[in-house]
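S.K.: Following this message is one structure expressed as structure tokens.
The values are calculated or read from the model by the stated rules, or taken from the named source; none is laboratory data. This is a predicted model, so every value here is computed, not measured. Don't worry about glycine lacking a Cβ; one is built from the backbone with ideal geometry, like all the others, and counts go over all protein chains shown. Protein only, heavy atoms only, side chains kept; ligands, DNA and RNA dropped before computing areas. Shrake-Rupley method; radii C 1.70, N 1.55, O 1.52, S 1.80 Å.
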Amino acid sequence: MINKVFPSADAAVADIPDEASVMIGAYMGPTTTPQNLILALRNRGARELTLVGVNLGLGGMLGAKPGGRYIDPGILLENKQVKKCITSWAGKLGGQAAPLEKAYLSGEVEVEIVPMGTLLERIRAGGAGIGGFYTPVGMGTLIEVGKEKKIINGKEYILELPLRADFALLKAYKADKMGNLVYRGTSRYNCPLVATAARVTIAEVYEIVEPGELDPDVIHTPGVYVNRIVKVTEER
Amino acid sequence: MKVRLDREVIAMRAGKELLDGWVVNLGFGIPALVCNYVPKGKTIINHSENGIIGYGSILAEDELDRADYDLVDNGGHFLTPLPGMCIVDGAEAFVMVRGGHLDATILGALQVSERGDLANWMTSEREAPTLGGAMDMAVGAKMTIITMEHTTTRGEPKIVKRCTYPLTAKECVDLIITDLAVIDVTENGLVLREKCPGWTVEEIQALTEPRLIVAKDLKEIEL
């Protein structure tokens, strides 16, 4: 009988060591960001982390209602736990103070900037066992510097390499105890991708059901990729 | 100070370029306003990088009781659902972009060169880079429309011979719409098609670095 449920977010992140690489499947808003797991990782205090994701610290206000705020990966930066971020956006968005921008400008954090489509495809490739892929995106820009290039059918491409991580933290809508996940709306985004590309995938969910209650046709992330499930503590 | 077009009018003029049924991605800033100005009778399918296709307008401040946290665009704005809307994951959202399935993208710019090079993600090595999906959009979309002010806040041209800021993509821009002009990017150079009422060609040329070719049927920007 497979049961991947962990008793708490703290228990689920208890073995994340210093220097771990962590993919975070967050984007904008409280229902897409794994707030409980991020907070638990902050409390654990693991240091020298490498984070991978599309929103690694915009500040927790975008995608919230006015005056609202949610926990985002910025708290790990503010707690000086991060040495490197691999992401597509390191600055402000919407004029609001951004923890990642602050950490970057002060020299505390190294940032590798990747075009968003390339970042997502690198994560997909990482989970899919693909050794590398050619994309035309970034040709003629700073992005191509230092990378192999190839001309295929008369068009120039850059070789991009897969991304994998030790851990992935993500939020889903519902899980069954076998780890099958269902997302809701735009909270899906990059969660299915990071789920495949980490050695240990940890999902926080609003509801946990028995195997068989999720229709096989609508499962977005097979439980095969998921190692640990935690129920969230906050209301939707 | 001569009057220039405002952001809403630029967005409205950009909306005129979109054909019925087109799949379109809108960038941040003026481009995001375009979804409010799609001409009546036209159906535009909005695409957002975070994996939502066919959504409606952004909710206004007084509509936020309808806000759904699982229905946001890539700027975190709450959206109105529409019939026929669909959700995909992030990699699939970019299959649609990179695979050439977008009819148009509308983006802002720091600079556009006379060959249609685009720079819109960084002004100097010292500032935090903000790239997002702009490079993918510029390369993948069938048509790239730039909406921007014609000059910087210091009055310098943003349409230049060669971009001095780091490039987003080379030779990707098809059409430039500013608060002064509508300009086609062609093999032969930049063609001034339409101009802001009250401005002469010479005045617009004075604020544009490369030599503009004036269209034989030059007219005023109209909505």
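S.K.: Stokes-Einstein D for chain A at 10 °C, 1.306 mPa s, Kirkwood Rh over Cα pairs, in µm²/s?
M.R.: On the way: Rh = 18.1 Å.
In µm²/s, the coefficient is 88.
S.K.: Can you tell me the orientation of helix B:7-16 relative to chain B, as the angle in degrees between its alpha-carbon axis and the longest Cα principal axis, to the nearest 10?
M.R.: With rounding to tens, the tilt is 80 degrees.
S.K.: Find out how many positive minus negative residues lie around A:A46, taking Lys and Arg as positive, Asp and Glu as negative, among other residues whose Cβ is under 10 Å from that of A:A46.
M.R.: Here the charged neighbours net out to -1.
S.K.: Using a probe radius of 1.4 Å on heavy atoms only, what accessible surface per residue do you get for chain B? Whole Å² is fine.
M.R.: 44
S.K.: Ignoring ligands and nucleic acids, what accessible area does A:D15 show with a 1.4 Å probe (Å², nearest 10)?
M.R.: Ignoring ligands and nucleic acids, A:D15 comes out at about 80 Å².
S.K.: So, one more: Roughly how far apart, in whole Å, are the Cα centres of segment B:1-58 and segment B:75-89?
M.R.: 15
S.K.: Going by a 1.4 Å probe on protein heavy atoms, which residues of segment A:97-118 end up with at least 20 Å² less accessible surface in the whole assembly than in their chain alone?
M.R.: Residues of segment A:97-118 that lose at least 20 Å² of accessible area once the other chains are added: A:Y104, A:L105, A:I113, A:P115, A:M116, A:G117.
S.K.: Give me a comma-separated list of calculated 3J(HN,Hα) values for segment A:153-162, in order, Karplus coefficients 6.51, -1.76, 1.60 applied at θ = phi - 60°, integers in Hz, x for any Gly or Pro.
M.R.: Coupling constants for segment A:153-162: 6, x, 10, 8, 10, 9, 7, 10, 9, x Hz.
S.K.: Calculate, for segment A:29-187, the solvent-accessible area per residue in square angstrom, rolling a 1.4 angstrom probe over the heavy atoms of the protein chains.
M.R.: Counting only protein heavy atoms, the per-residue value for segment A:29-187 is 37 Å².
S.K.: Go through A:125-138, B:52-65 and give me the packing order, highest mean Cβ count within 10 Å leading.
M.R.: Numbers: A:125-138: 17.6, B:52-65: 14.3.
Taking the mean over residues of other Cβ atoms within 10 Å, the ranking is A:125-138, B:52-65.
S.K.: Using only protein heavy atoms and a 1.4 angstrom probe, determine the accessible area buried between A and B, summed over both sides, in Å² to the nearest 100.
M.R.: 3500
S.K.: For the pairs A:K102/A:K155; B:K142/B:K195; A:K4/A:K147; A:K65/A:K231; A:K92/B:K42, flag any whose C-alpha to C-alpha distance is greater than 31 Å.
M.R.: Working: A:K102/A:K155 39 Å; B:K142/B:K195 25 Å; A:K4/A:K147 40 Å; A:K65/A:K231 23 Å; A:K92/B:K42 34 Å.
Over 31 Å Cα-Cα: A:K102/A:K155; A:K4/A:K147; A:K92/B:K42.
S.K.: Indicate the residues belonging to segment B:18-65 that lose 30 Å² or more of solvent-accessible heavy-atom surface (probe 1.4 Å) upon moving from the chain alone to the assembly of all protein chains, ignoring ligands and nucleic acids.
M.R.: With the partner chains in place, segment B:18-65 has these residues losing at least 30 Å²: B:F28, B:N50, B:L64.
S.K.: For A:K150, list the lysines whose Cα falls under 20 Å from its own Cα; do not include residues on the same chain fewer than 8 positions away.
M.R.: Excluding near neighbours in sequence, the set is B:K170.
S.K.: Could you tell me which residue out of A:M116, B:G132, A:I130 lies farthest along the dipole of the protein assembly as shown toward its positive end? Charges go on the beta carbon: Lys and Arg +1, Asp and Glu -1, centred on the Cα centre.
M.R.: Checking the options against the dipole of the protein assembly as shown, the answer is A:I130.
S.K.: Could you look at chain A and say what percent of its accessible area is carbon and sulfur, using a 1.4 Å probe and all protein chains?
M.R.: Carbon with sulfur: 49 percent of the solvent-accessible area.
S.K.: Looking at segment A:105-170, which trypsin sites (Lys or Arg not before Pro) are in a loop (DSSP not H, G, I, E or B) and have at most 16 other Cβ atoms within 10 Å?
M.R.: Values: sites: A:R122, A:R124, A:K147, A:K149, A:K150, A:K155, A:R164; in loops: A:K147, A:R164.
Here the trypsin sites (Lys or Arg not before Pro) that fit, given the DSSP loop and packing criteria, are A:K147.
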